[in-house]
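Worksheet for the structure shown next.
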There are 2 protein chains.
Amino acid sequence: MSLPHAILTALLEKPSSGLELTRRFDRSIGYFWSATHQQIYRELGKLEADGLIRALPSQQPARGQKKSYEVLPAGRAELARWTAASQDPKPHRDTLLLRLRAAAVVGTAGLETDLRRHLELHERQLAEYEEIEQRDFPPGRDGTEDRLRHLVLRAGIDLETFWTQWLRRALADFAELPDGEPT
Amino acid sequence: MSLPHAILTALLEKPSSGLELTRRFDRSIGYFWSATHQQIYRELGKLEADGLIRALPSQQPARGQKKSYEVLPAGRAELARWTAASQDPKPHRDTLLLRLRAAAVVGTAGLETDLRRHLELHERQLAEYEEIEQRDFPPGRDGTEDRLRHLVLRAGIDLETFWTQWLRRALADFAELPDGEPT
DNA sequence: ACGGTTTATGCAACTAGTTGCACAAGGTGA
DNA sequence: TCACCTTGTGCAACTAGTTGCATAAACCGT
């Protein structure tokens, strides 16, 4: 339900082709709304058919040819409507927590290694976010757009901070546990 | 990919019928792996067909009759295998962050009310978790199972704490913003 | 000038999750 | 006693997301 709106947002920030969008999703929007290139192309087709975006002229739409899109007024209106509409938070699904709970009944064998790996991944992500913060949000700038985008980035930073801390605590706990566990 | 394992975990904790599972998902496991009753019934069917669980005897399987399941050795083995297997974290998707980012381009109109509503929801959830912590994990108990389950609950508490704090900061930021925004 | 890699677009089939509804049994009040 | 509500099980259709592959142009070295 939100992919089209993620794409509209990205296109408003800058008109792009499918592949450019894919890359931008990998770098920024994708941090909280990931999408594969196939999803993106499919959705671009739908959005165009619905009259919310259109292909920029100047290139004929041939295979292996770049095709860029821009947002039409109807698309901007739809995005504004969606942004303002009240929405319930979707329940999260987290495999790692589920595995921990499963480990309480079938034993913790093998889990510790993966906790360590997750910790590394989250540390790396955190470092990346902090780099972005330093680069894009130096102190002193406070336009509305910057403020909002910075807020989103802060959410990312704080979430990764939470995970690294929680994983460290989990690993410390594991160290004290009798290993193996009953089966 | 994880629903069957969530169900196996729940059934190992206590053999149950479909509806009982549904209720328990709403209360505990569902906090990090939600599922509707239809999903659960379908999955119970598959798990039974695969020989990982079986219906407890003593009730004939008629419509509108309770039918309880228990985990078979093959099911326990599968759960242990899955728990130990290394898995990559799935990227999160968060609509609220996406909407904030969209608001940076189409304006913040209408968003603040919903931020406030989300804050309330997260505060309520946090209170619920803290109640569970006090009830189920009084200081002093430290069996392995308790330790692990407490760790999972701590993740829930810390996550909700993060959200409430982040939302308060966001609302404070909003208060300073020129409202309305360009279109 | 031709074979391989990169860039770019896209289809088809599959898996997981959601929504809406149907059906049966048992209890409850009028 | 019969209409209605609750409890419990389940099917079918739909939506969203994933995986695997096909195609085509352009660029690049030899």
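Results, tabulated for the structure shown:
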item	result
Inter-label distance, nm, simple model (7 Å from Cα along the C-beta direction), A:Glu70/B:Gln39	4.2
Accessible area of the range B:3-84 divided out per residue, in Å², using a probe of 1.4 angstrom	52
Interchain or long-range residues, amide H under 5 Å from A:Ile53's placed H	A:Glu48, A:Leu72
Shape call, the protein assembly as shown: gyration tensor on alpha carbons, a/c limit 1.5	prolate
Cβ-derived FRET efficiency at R0 45 Å, B:Leu171 paired with B:Ala49, nearest 0.05	0.35
Interface B:A - total buried accessible surface [probe 1.4 Å, Å², rounded to 100]	7000
Shielding by other protein chains, A:104-117, mean Cβ within 10 Å	6
Number of partner chain Cβ atoms within 10 Å, mean per residue of A:30-38	3
Exercise: per-residue mean of other protein chain Cβ atoms within 10 Å, A:118-125	1
FRET E, pair B:Gln134, B:Asp88, Förster distance 41 Å, beta-carbon r, rounded to 0.05	0.70
Charge context of A:Pro15, other residues only, Cβ under 15 angstrom, K/R +1, D/E -1	+3
For chain A, built as a Gaussian network whose Cα springs stay under 10 Å, the top-fluctuating residue of A:Pro15, A:Pro91, A:Pro138	A:Pro91
GNM top mover of B:Ser28, B:Ser86, B:Ser16 - chain B, alpha-carbon springs below 10 Å	B:Ser86
DSSP loop trypsin sites (Lys or Arg not before Pro) with at most 14 other Cβ within 10 Å excluded, longest remaining stretch of chain B	B:67-140
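The values are calculated or read from the model by the stated rules, or taken from the named source; none is laboratory data. Being a predicted model, the structure only gives us computed values, none of them experimental. Using ideal geometry, Cβ is built from the backbone for each residue, glycine included, and neighbour counts are taken over all protein chains shown. SASA here: full protein model, heavy atoms, side chains in, ligands and nucleic acids out. Shrake-Rupley method; radii C 1.70, N 1.55, O 1.52, S 1.80 Å.
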